[in-house]
Structures are given as structure tokens and as C-alpha cells.
Amino acid sequence: MRRFNRVLLKLSGEALSGDKGFGFDDQVIEDICVAIKQIHMLGVEIAIVVGGGNFWRGRSGAFIDRVSSDNIGMLGTVMNGLRIQGTLEEMGLETRLMTAITMQEVAEPYIRRRAIRHLEKGRIVIFSAGTGLPYFSTDTTASLRALEIGADVILLGKTGTDGIYDKDPNVYDDAVKFDKLTYREILTQEIKIMDTTASSLAMDNNMPLIAFGIDDPKNLVKIFTEDAPIGTIVKEKF
């Protein structure tokens, strides 16, 4: 039933806002955390990276410099991490929130060996504040942290789609879904699933990825409990 022992789940900030498009949708967050709990009950070690787009996107700061704008976005990911942590702990799960920017009154600073030890003890670890550096997205954070903790796969939860298509399925009726892709195909065809830094990092280090639809959080559970492939799998080569 278990395909992977240790996973990194990447969630966009928008996934937490539901149809609101901004802030938190309590029911959506509850449903996502229920799915996380279900795969945790299977014995899977889970780390989470969450974006901050439901509050702020790094390029949204039209009247401030990019570095300041990215710093605001990093703080948005901390708020999202705290929200997910709170819901998971209400469900009786043990968690640790770790930040790439030191704020010890709120969360632990990110230390790789400590993060791995938390996972080994069955704690769900949430990585927030991105890489702690401007100009790097939370997609890149997901690739980096997955490699650092020795994850078996990145699970990329996408909103508005159930996988990777050759063009936007919400706009084009003839959009074709891919069951599998290589990172090189994503880069050469400029498929907008992750930014190029994140895709290149995963490709260079042979980190597989599954892009799936998080609008129905049950898809997360199906990755571990159903034989039929869910979403689109991406590898360096097949």
C-alpha cells in the first residue's frame, strides 16, 4: 500500500484559500489536513513546504524592491505554516514548524539533521520562510529540502488541474494530459509546472515528482492506496 517511505508535500498558498482566492478557507485546510493525517497513519514520514501566494507573491510589490517583496512573501509562508500546524495538532498529530529565517519565539530554525530526526520520530515537519533568501521560490525550496532530507518523492499539489497538460486545461478544451514526463521535456517545452531552478535542481539530482490535483485532497491519499496512477509523474528519465 505504501509506495514511498518519506515524502515532501508542496502546497501553494492559494491551495489554502479555496475559492476565496485570499487568506484561509477553514474547510479546505481541514480537508487537506485530514488527507495528510491519513497518509501519516500509513506510516509515511511527511515534510511539507507551503507557499505564501494567498497573502503575497514576491513579484506583487510594484512599489518596493524585489528583495523587500520576497521577504514579505517569506513571512506569508510562516503564517501558512502556523495555520497548517495548528490544524494538524488539533487532530492529535505531532508537528514541528521550522523556518529558514530565525524567529525562535515562533518556530525552530531549520537544521537539516534535526529535521530528519523529527521525521524519524514520526513528527510532521513543516518548512517555512522559503530558503531564507530572496529570488528563490518555494518551488525551489521544495526541491532543495526534499534532497536535503532524503525524500523519496516530491508530491506537488496543484489547484485547478489534476496533473500536467500541454496547455492550460481550464482555457483549452483540447489540452492533453501527460501521464509521465522527464524534467528535460519540462524545461525544453517550457511547461510551467515549477520554475526552472526547481526543475533543474530536481533533474540534476534524480528527484522524482508527482503533480496531482489538490482541489480534491483525497487524491493525496490515492497516491498511496490505489494502483492506478494519480496525476503526472516526472523523473530524470524512464
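The values are calculated or read from the model by the stated rules, or taken from the named source; none is laboratory data. This one's a predicted model, so the numbers in the text were calculated from it and none came from an experiment. Ideal geometry is used to build each Cβ from the backbone, glycine not excepted, and the neighbour counts take in all protein chains shown. Ligands, DNA and RNA are stripped out before the accessible areas are found, and what is left, the full protein with its side chains, is counted by its heavy atoms. Shrake-Rupley method; radii C 1.70, N 1.55, O 1.52, S 1.80 Å.
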Revision key, fill the gap. Taking the reciprocal of mean 1/r across every pair of different Cα atoms in the range 1-122, the Kirkwood radius in Å is 15.3 Å
Check your understanding: So what J values fall out for the range 95-112 if you push phi through Karplus, 6.51 cos²θ - 1.76 cosθ + 1.60 with θ = phi - 60°, rounded to Hz, Gly and Pro as x?
Key -> 10, 9, 9, 10, 10, 7, 10, 5, 8, 5, 6, 10, 7, 6, x, 6, 10, 3
**Study point:** Over the range 77-175, relative contact order from alpha-carbon pairs under 8 Å, at least 6 apart, %
**Key:** 21 percent
Study note, to complete from the structure: Restricted to pairs 8 or more residues apart or on different chains, the lysines in the range 126-231 with C-alpha atoms under 16 Å apart form a number of pairs equal to 11
Exercise for review: List the aspartates and glutamates whose Cα lies under 18 Å from the Cα of K237, skipping any in the same chain that are fewer than 8 positions away.
Suggested key: D152, D179, E185, E190, D204
Point to revise | Dimensionless Rg over Rh [the chain; C-alpha; Kirkwood] | key: 0.94
Check your understanding: Between R123 and residues 5 or more places away or on another chain, which pairs have amide H atoms under 5 Å apart, with H built 1.01 Å from N, and which residues are they?
Key -> none
Exercise for review: Could you please tell me the mean projected area of the C-alpha convex hull for the range 110-238, averaged over all directions and given in square nanometres to one decimal?
Suggested key: 8.9 nm²
Review point. What translational D, rounded to a whole number of µm²/s, comes out for the range 119-158 from Stokes-Einstein when the hydrodynamic radius is the Kirkwood one over Cα pairs, at 4 °C and 1.567 mPa s?
Key: 115 µm²/s
Review point. Expressed as cubic angstrom per residue, what is the convex hull volume of the alpha carbon set of the range 167-227?
Key: 117 Å³
Check your understanding: Tell me, what % of the accessible area of the chain is carbon and sulfur with a 1.4 angstrom probe?
Key -> 49 percent
Review point. Sorted by mean Cβ packing within 10 Å, highest first, what order do the peptides 114-122, 101-109, 27-35 take?
Key: 27-35, 114-122, 101-109
Point to revise | Stretch gain in nm, segment N205-R3, where the contour uses 0.36 nm per residue and the Cα spacing is subtracted | key: 70.7 nm
